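Written below as structure tokens is the structure these notes are about.
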Amino acid sequence: MDISNNAKKARPSSTLSISSNANRMIDEGIEAIILSPVDWEKITPSLQALKKAGVKIINVDTQVTFQHH
């Protein structure tokens, strides 16, 4: 898998784009993702989907906290 190609495509500007990109990357078989989110609360659902799919998540420079409801 060409991860540089995924990195170029995964530059979303909205929560909907983030979700769409996460689902697309899961469908393409992504194994890991490196993130530096600006607003971790907006991407939490996508992070949960990636985690559920077994994707390794590497977070840089921002603490991400999953809230359990």
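The values are calculated or read from the model by the stated rules, or taken from the named source; none is laboratory data. Quick caveat, the model's predicted, so the values are computed rather than measured. Heavy atoms of the whole protein, side chains included, go into the accessibility calculation; ligands, DNA and RNA do not. Shrake-Rupley method; radii C 1.70, N 1.55, O 1.52, S 1.80 Å.
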Subject >> Solvent exposure ordering (accessible area, 1.4 Å, most first) of Ser17, Ser46 >> reply: Ser17, Ser46
Original post:
Non-local amide H neighbours of Leu35 (under 5 Å, H modeled in plane, Pro and chain starts lacking H): which ones?
Top reply: Ile58, Asn59, Val60
